[in-house]
Structure formats: structure tokens, C-alpha cells
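The values are calculated or read from the model by the stated rules, or taken from the named source; none is laboratory data. Here the structure is a predicted model, which is why all the values come from computation and not from measurement. Cβ placement follows ideal geometry from the backbone for every residue including glycine, while neighbour counts extend to all protein chains displayed. Surface accessibility is based on the protein's heavy atoms, side chains included, excluding ligands, DNA and RNA. Shrake-Rupley method; radii C 1.70, N 1.55, O 1.52, S 1.80 Å.
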Amino acid sequence: WDTLPLYMHVRKATAFNKKELKFLSKYPLTCLEKTMGMQTYGSSEEGSIQAAKAIKLINPRTKILYYRNVLVHYPFYESDKQLKSIAQPFLKNKQGQGKLVRKTNEAYDLTNKQLRDWWVDNVKKVLSDPAIDGLFLDGNIKALEPQYLKEDLSAKKKKQSMKDYHLLMQET
């Protein structure tokens with residue numbers, strides 16, 4: 001237990017202060033969650049990049065992961081502005097209603113190639129910054145579990161969505 005590696009998974013809507021940055025820099029691996037710095041920097045993308053840079057100024061060996069959910073849409077990203085140009089980016093239930101995740105959040109329609117391209121482009125853009133070392137994918141089980149949203153989607157749509165999740169992973 002003396003050598004167990006530590007991991008930090010954190011989010012904060014504003015920029016970290018010096019004390020927080022010093023604390024975070026002690027971890028060899030840190031995931032910067034959704035909403036990261038969005039109030040200070042205007043988006044989760046920029047907030048994640050700025051937090052990663054600040055942490056690495058203290059400890060350049062720290063590895064930083066960018067957070068994205070593969071199924072649940074959290075509207076905290078600069079790239080969300082581009083969603084308006086994508087036809088039907090979100091899943092709808094059999095009655096044509098959205099917000100299928102806990103009845104509060106949209107779910108990405110992974111069968112939509114334009115949506116997948118948008119998602120991958122966002123990830124590529126953020127990961128192109130040298131301060132970001134990798135990607136934390138969340139919501140995988142929601143995308144892959146046959147029972148999740150089974151009552152909301154047709155069997156054909158659910159099966160295709162699960163298949164196209166794998167396409168998203170290949171494209172990523």
C-alpha cells in the first residue's frame with residue numbers, strides 16, 4: 001500500500017487557486033471533469049487546457065486526462081455551438097421525446113455520423129494541446145449495456161447505437 005499509485009478525478013467550474021494547483025500536482029494522473037474552469041475560461045475545453053498547463057508548471061510529470069462522456073450530453077463545451085448544425089444529434093424515444101438520460105439530459109445518437117465526427121473533432125482539438133496527455137471516456141456502460149434505454153428505443157435503434165459506439169471508439 002505504500003506504493004499504490006494515486007489518481008485524482010476532479011471538476012471545478014472556476015480556475016484552481018495556487019493551493020489547489022499545488023495539491024493536484026502531487027498526483028501522477030489527474031482527470032479534469034466536465035465543467036472544468038468553464039466559468040473562468042468560457043468552456044470546459046479551455047478550462048481543461050488552462051488547468052492542465054497550470055498543474056504541469058508545478059509538476060511536468062503529471063499526466064492529465066480530458067473528460068468526455070460518450071453518450072450523455074453535458075452542455076458545458078465550446079463545441080456545443082456546432083451541434084445546432086447537426087441534424088438530430090440526440091436520441092429520441094419511441095414517442096419522439098428527448099432527454100432520455102434521467103429525463104434531464106440528452107443522449108447522443110451514436111448512429112449519426114455527423115454527431116460522431118463532431119465528438120471526435122472536439123476530442124482531437126483538445127488532445128492536440130501538449131498539456132493534455134489522454135482521454136477519459138465516461139458513459140461506456142450506458143452505450144454498451146443492452147438494457148439501458150431499451151424501453152425508450154426500438155430494438156433496431158438500440159442495436160445500431162451499440163454497434164456505432166464501436167465506430168466512435170475506432171474513430172477516436
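A few points about this structure:
- Segment 91-158 - Kirkwood radius from inverse mean 1/r over Cα pairs (Å): 13.7 Å
- The chain: C-alpha gyration tensor shape, a/c 1.5 cut-off, then a/b vs b/c: prolate
- You can think of it this way: the chain between Lys159 and Asp117 has 13.1 nm of extra reach, that is 0.36 nm per residue less the Cα-Cα gap.
- Computed FRET value (nearest 0.05) for Lys22 with Lys99, which takes r as the C-beta separation and R₀ as 45 Å: 0.65
- Estimated distance in nm for a label pair at Thr14 and Leu144, the labels positioned 7 Å out from Cα along Cα-to-Cβ: 3.9 nm
- As a rough guide to protection, the peptides 33-39, 23-29, 152-158, 103-109 ranked by mean Cβ packing within 10 Å, highest first, stand as 33-39, 103-109, 23-29, 152-158.
- Rolling a 1.4 angstrom probe over the protein heavy atoms with all chains in place gives segment 1-107 an accessible area of 58 Å² per residue.
- Summarising the overall dimensions of segment 1-53 from its C-alpha atoms, the Rg and Dmax are 11.7, 40 angstrom.
- Mean residue ellipticity, 222 nm, helices only, the chain: the sum of -39500 (n - 2.57) across DSSP H runs of n ≥ 4, divided by residue count and rounded to 500, is -11000 deg cm²/dmol.
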